Amino acid sequence: MGCFYGSGINDLLACMYDAAVRLGGVAAEWLTDNMSAIAAVGGDGRRARDLDRRVEKANFPYVKTLADFDWSFQPSIDRPVVEELASLGFLERRENVVLVGSPGVGKTHIAVALGVEAVRARKLTYFVDCQRLVGDLKRAAEKGALERRMRFYAHLSLLIVDEVGYLEVDKEGADLLFQLVSRRYERRSTIVTTNVGIGAWAKVFGDPVVASAIADRLCHHCTVLKITERSYRTKDLAPDRDAGSGA
Ligand code: ADP
Ligand code: MG
């Protein structure tokens with residue numbers, strides 16, 4: 001009995017149906033009754049694989065959603081505001097989000113969760129930490145390929161830049177970041193996580209003029225979320241051992 005299994009669930013179902021007809025009426029009847037349900041399961045599988053592929057391309061460091069977030073641990077976070085962001089109106093309005101807080105308080109988790117929602121909504125999304133982004137743009141500039149790389153970052157519906165402020169950015173890096181932020185300004189949304197208040201970015205970027213130009217564009221249409229509780233990573237340690245924990 002020759003069967004062609006190569007091209008997906010519908011071919012497989014047709015093949016099974018032929019076989020069932022040959023084997024007996026009851027099996028054929030059952031398959032006919034359940035064909036669309038089986039095909040739907042196949043469709044769900046395809047959609048899930050497609051989503052997995054898109055999530056992978058978004059380059060998240062881990063995949064977590066707001067359903068995984070313990071709101072009671074971080075009462076300083078305005079839950080309705082975050083849930084409103086998860087409905088992605090900010091993407092339509094081309095607004096930004098800045099998450100400010102010390103290490104471990106859930107900045108990246110929330111940024112990733114919003115990114116996952118964007119990916120689910122088929123928005124082109126990319127996660128990158130600030131040092132990698134700067135390094136990538138610098139390498140592109142050295143190779144004479146800056147415009148191409150800038151275009152990649154500029155055209156994303158949602159760019160998540162993680163960990164601004166953990167390491168200082170030199171003048172060339174700050175200028176490149178400024179170019180990127182300017183190109184995305186009022187056209188595409190950006191989420192930034194930072195462990196230092198925006199007022200202290202002059203030190204991060206080494207140049208108060210570039211720092212304020214970046215902050216100015218980023219914060220013009222922006223939701224700023226400040227998280228002030230202690231680190232979730234060290235939640236099981238005694239409170240006096242929590243102080244001074246690393247990133
Ligand atoms: P940071 O603020 O340094 O970016 P993360 O968001 O990466 O910290 O959080 C560190 C770890 O703790 C991650 O695994 C994250 O999922 C988890 N986490 C942080 N806050 C919460 C929370 N309120 N509920 C559940 N998990 C959390
Ligand atoms: Mg983080």
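All of the numbers you see were taken from the coordinates with simple rules; none came from a lab. None of these values were measured; they are calculated from a predicted model. Using ideal geometry, Cβ is built from the backbone for each residue, glycine included, and neighbour counts are taken over all protein chains shown.
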Original post:
Mind checking the angle between helix 171-184 and the chain's longest principal axis? C-alpha axes, 0 to 90 degrees, to the nearest 10.
Top reply: 50
Original post:
Along each of its three principal axes, how wide is the spread of alpha-carbon positions in the chain, in whole angstrom units, largest first?
Top reply: 80, 52, 31
Original post:
So what is the relative contact order for region 114-176, in percent, with contacts set as C-alpha pairs under 8 Å and at least six apart?
Top reply: 46
Original post:
Would you list 220, 155, 109 from fewest to most Cβ contacts within 10 Å?
Top reply: 220, 155, 109
Original post:
Do you know the relative contact order of region 1-134, to the nearest whole percent, from alpha carbon pairs under 8 angstrom that are 6+ apart?
Top reply: 26
Original post:
Which net charge results for the neighbourhood of residue 166, defined as the other residues with beta-carbon distances under 13 angstrom from its beta-carbon, given Lys and Arg at +1 and Asp and Glu at -1?
Top reply: -1
**OP:** Measure nothing fancy, just the Cα-based angle from helix 208-220's long axis to the longest principal axis of the chain, in degrees from 0 to 90, nearest 10.
**Re:** 40
Original post:
Relative contact order for the chain: what is it in percent, counting Cα pairs under 8 Å that are at least 6 residues apart?
Top reply: 24
**OP:** Please give the helix 107-120 orientation as an angle from the longest Cα principal axis of the chain, in degrees from 0 to 90, rounded to the nearest 10.
**Re:** 40
